[in-house]
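These notes are about the structure you will find just below.
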Amino acid sequence: MQQEKIHFENLNGLRFIGALMVFIAHAFSINREVWGSFFETTPMFLIRKVTIMGSYGVNLFFVLSGFLITYLLLAELKQNGRIHIGFFLVRRILRLWPLYFFVVLFGFFLFPHLPFGIKTVHEFWRYALFLSNFDEIIHGLQDSINFLTVTWSVSIEEQFYIGWALVIGLIIRRPTIGAFRLFFLVVVLSSVIFRFLNLDDTRILYYHTLSVISDMAIGGFLATVIFERKTVNFVREMKKWQIALVYLAGIAFLFLSSRILPGKLMAVERIVSGTFFAFILLEQLIAKHSFLKADRIPFFEAAGRLTYGFYLFHCIVIFYLCKTFEYFHLTQHIGWFLLYFAVLLCLNSLLTIFSYRYFEKPLLNLKKYFRV
């Protein structure tokens, strides 16, 4: 029997919001030295302070991934009485590997020979094994090739999927919702302890698997809650003012987390932010009185299907556009930056659409053969 296809409304819209957050953050931060003195004025400095918060889009991605994958596995377990680990891994390979290795192979073997090319200090073997986040910890400060850096989050997702498959296949021999929850709670607790022991190293806190994997575990835990449907009615019935209050509190925390959680308390910062993003996901999925559903924002639902390419390509486009504007001396005025941003958005979108239609989609269509 083929597994029934599951679709969650507003998930695609949320995906694109996360990708757009990261896109804006990088547009205002990567190669900012190109844009001259106006980029250091007080207004631009304040704008950059706000846009850099877009890096939380990666946290949102992790929570979404943990949620969706876990829910699909629970649905497969309920329908078939078991989880086919091999098919699960093949589906993840078809989704993640082709575009990931396209960017990695381009960065290591083609890019150094192109105009503006640089030979990277990163080590290919770690990227080939989906350990690019560890390579970023080791070599990141020595290298300016940002489009290789962007693969760090994909590596962590792949590590999570492989680890999750091994846990289900070797440890949780008879998977249940209770066993899933226990595993996710252990992951969250381990992450807090790891962060507590490494608070002095910002790169480890940002890139290390054990530091950030709690986001995916929180998403996975949320999936077990929604799957039972009985314990989330309070979110379903929340009033607009209650939803607004949670959003305001969550956003304030993201901006002021270092003041709200001083010293060693920062070890739980990722847990609080991950829980906030889990609330956003839950509110978008089931709340009756939402201010706005993500899929109803024009183009966001369709764009959400393209976020993987949009995310992986954008730093390549940023690099070449910045070099082009710098080469033609179009960098000393805010007008040129606004033109750059518009061209960046258009070019990255066109590249993403082309990639999805002619490269990714034919491979994604093969996933239907690997559903139980």
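I'd like the full set of residues that are open to solvent by 70 Å² or more (accessible area, probe 1.4 Å), free of Cβ contacts under 8 Å to residues at least 60 places away in the same chain and closer than 19 Å to residue 40 by Cβ, limited to region 323-335.
Answer for region 323-335, where residues must be open to solvent by 70 Å² or more (accessible area, probe 1.4 Å), free of Cβ contacts under 8 Å to residues at least 60 places away in the same chain and closer than 19 Å to residue 40 by Cβ: just 329.
Give me the residue from region 119-165 that is among the hydroxyl-bearing types (Ser, Thr, Tyr) and farther than 15 Å from residue 207 by Cβ and, out of that set, farthest from the chain's Cα centre (by Cα). Steps first, please.
Going through region 119-165, the residues among the hydroxyl-bearing types (Ser, Thr, Tyr) turn out to be 120, 127, 132, 144, 149, 151, 153, 155, 161.
Filter once more, so that each one left must be farther than 15 Å from residue 207 by Cβ: 120, 144, 161.
On the way: 120: 24, 144: 21, 161: 14 Å.
Here the answer is 120.
Within the set of pairs 6+ apart or on separate chains, which have a first residue in region 349-372 that is free of Cβ contacts under 8 Å to residues at least 60 places away in the same chain, a second that is of a type in the set (Val, Ile, Thr) and open to solvent by less than 80 Å² (accessible area, probe 1.4 Å), and C-beta atoms under 7 Å apart?
351/317
Please work out if residue 135 is without any contact (Cβ under 8 Å) to a residue 24 or more places away in the chain and part of a helix (DSSP H, G or I).
For residue 135, the condition - without any contact (Cβ under 8 Å) to a residue 24 or more places away in the chain and part of a helix (DSSP H, G or I) - is met.
Could you please find all residues in region 205-232 being outside any helix (DSSP H, G or I) and surrounded by fewer than 18 Cβ atoms within 10 Å (Cβ to Cβ)?
Initially, region 205-232 is screened for residues outside any helix (DSSP H, G or I), giving 208, 213, 229-232.
Passing the criteria: 229, 230, 231, 232.
Can you name the helices (runs of 4 or more DSSP H) wholly within region 261-372 that have at least 3 residues being among the hydrophobic types (A, V, I, L, M, F, W, C)? Before you say what the answer is, go through the steps one by one.
Values: elements: 269-286, 300-304, 307-327, 334-355, 361-364.
It comes to 269-286, 300-304, 307-327, 334-355.
Given the structure, is residue 44 in contact with a Leu (Cβ under 9 Å, 6 or more places away or on another chain) and more than 26 Å from residue 165 (Cα to Cα)?
No.
In region 43-54, what residues are closer than 13 Å to residue 254 by Cβ and surrounded by fewer than 15 Cβ atoms within 10 Å (Cβ to Cβ)?
Result: 49, 50, 52, 53.
Determine whether residue 108 is in a helix (DSSP H, G or I), surrounded by 15 or more Cβ atoms within 10 Å (Cβ to Cβ) and either acidic (Asp, Glu) or modelled with pLDDT under 90 (or both). Show your work before the answer.
Details: in a helix (DSSP H, G or I): yes; surrounded by 15 or more Cβ atoms within 10 Å (Cβ to Cβ): yes; either acidic (Asp, Glu) or modelled with pLDDT under 90 (or both): no.
Criteria not met by residue 108.
The values are calculated or read from the model by the stated rules, or taken from the named source; none is laboratory data. Note that the structure is predicted; figures quoted are calculated from it, not measured. Cβ atoms come from the backbone with ideal geometry, glycine included; neighbour counts cover every protein chain shown. The protein model used for the area step is the full one, side chains on, heavy atoms only, and it has no ligands, DNA or RNA in it. Shrake-Rupley method; radii C 1.70, N 1.55, O 1.52, S 1.80 Å.
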